[in-house]
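Student: This is the structure, below, for whatever I ask next.
The values are calculated or read from the model by the stated rules, or taken from the named source; none is laboratory data. The shown structure was predicted, so the numbers you read here are calculated from the model rather than taken from an experiment. Methodologically, a virtual Cβ is constructed for each residue, glycine included, from the backbone with ideal geometry; neighbour enumeration extends over all protein chains shown. Please note that ligands, DNA and RNA were not included when accessible areas were found on the heavy atoms of the full protein model with its side chains. Shrake-Rupley method; radii C 1.70, N 1.55, O 1.52, S 1.80 Å.
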Amino acid sequence: DKLRTELFITGIIDDNSANKFIEETQDIIDGFISYKMETSYIKKDMQQEFPTITVTINSPGGDIYAGNLIVSRIKEMQDLEIPLMANGITCMSMAFIIYITFNKRTADKLFAGMNHSSRSHYMGYREEVRSDLDHSDYMDSLYDNMIREQTNIPEDQIEASRLKCIYYGYDEAVELGIINY
């Protein structure tokens, strides 16, 4: 079988899209590990390079926990040194966090990105709502740190995104290092 070098994250991010991404990338990880074993005896400069895996993202966002599964897999692949590149089209909400997880990020001129705080449908007893809000603050802190590490978005914009949706077009995304390749 030929290795898939182009994957897609489209539509709402949910358990189905996360599981599909995990299944598709497992074949790539297995192929990369085989490649490393098969080429371990060949001099580096004589090895054929493992192909770059491009992940095109076109999503309005979705569930943060399903998104975290995708983020975790991307980080695992980057730790293995599998060459990855994200191609962004629409990267809103959780899809924005997934997009910035990639070290190489390119985009279409029609790129649309958006970041905001995590949300929930806070209902129930007061202590349950407080607990949900505390967890939301924790998740926002993790995502904010990822944004700081992966982009040049100013601190005031990161903080503002906790109060309202902050949108990014192509030119601004390039300027802020959201698109970096």
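Student: Show me the trypsin sites (Lys or Arg not before Pro) within region 1-72 that DSSP assigns to loop and that have at most 12 other Cβ atoms within 10 Å of their Cβ.
Tutor: Lys2, Lys43
Student: Could you tell me, in Å, what Rg and Dmax come out for the Cα atoms of the chain?
Tutor: 17.9, 64
Student: Taking only Cα atoms and a 10 Å spring cutoff, compute GNM fluctuations for the chain and point out the largest among Val71, Val129, Val55.
Tutor: Of Val71, Val129, Val55, the Gaussian network model singles out Val129 as fluctuating most.
Student: Given Cα pairs under 8 Å that are at least 6 residues apart, what percent is the relative contact order of region 99-181?
Tutor: Working: 87 pairs, mean separation 40.7, N = 83.
That works out to 49 percent.
Student: With the other protein chains left in place, how much accessible area per residue, in square angstrom, belongs to the chain at a 1.4 angstrom probe?
Tutor: Numbers: 10570 Å² over 181 residues.
Per-residue value: 58 Å².
Student: Something else: Have a look at Ile70, Ile13, Ile33 and tell me which one the Gaussian network model of the chain (Cα, springs below 10 Å) gives the largest fluctuation.
Tutor: Among Ile70, Ile13, Ile33, the largest mean-square fluctuation in the Gaussian network model of the chain belongs to Ile33.
Student: Can I ask one more? Treating only the Cβ atoms of Lys and Arg (+1) and Asp and Glu (-1) as charged, compute the dipole magnitude of the chain about its Cα centre; round to the nearest 20 debye.
Tutor: Dipole about the Cα centre, nearest 20: 300 debye.
Student: Moving on to the next point. Stretch Ile33-Thr52 to full length: gain in nm at 0.36 nm per residue minus the Cα-Cα span?
Tutor: Once the chain is fully extended between Ile33 and Thr52, it gains 5.4 nm.
Student: While we're looking at this one, here's another question. Sticking with the crude label model, points 7 Å out along Cα→Cβ, report the distance from His135 to Lys104 in nm, one decimal please.
Tutor: Label at His135, label at Lys104, 3.7 nm between them.
Student: Another question, then. In the structure displayed, which of Lys36/Lys104; Lys2/Lys75; Lys20/Lys43 lie more than 31 Å apart, Cα to Cα?
Tutor: Numbers: Lys36/Lys104 22 Å; Lys2/Lys75 24 Å; Lys20/Lys43 36 Å.
Long pairs (Cα-Cα over 31 Å): Lys20/Lys43.
Student: Sticking with this one: So what's region 119-172 giving for Cα Rg divided by 2.2 N^0.38 Å, two decimals?
Tutor: Numbers: Rg = 13.8 Å, N = 54, 2.2 N^0.38 = 10.0 Å.
Dividing the Cα radius of gyration by 2.2 N^0.38 Å gives 1.38.
Student: Across all directions of projection, what mean area in square nanometres is found for the Cα convex hull of region 18-77?
Tutor: Reported value for the Cα convex hull: 4.8 nm².
Student: While we're here: Can you give the convex hull volume per residue for the Cα atoms of region 87-179, as a whole number of Å³?
Tutor: For region 87-179, the hull spanned by Cα atoms encloses 85 Å³ per residue.
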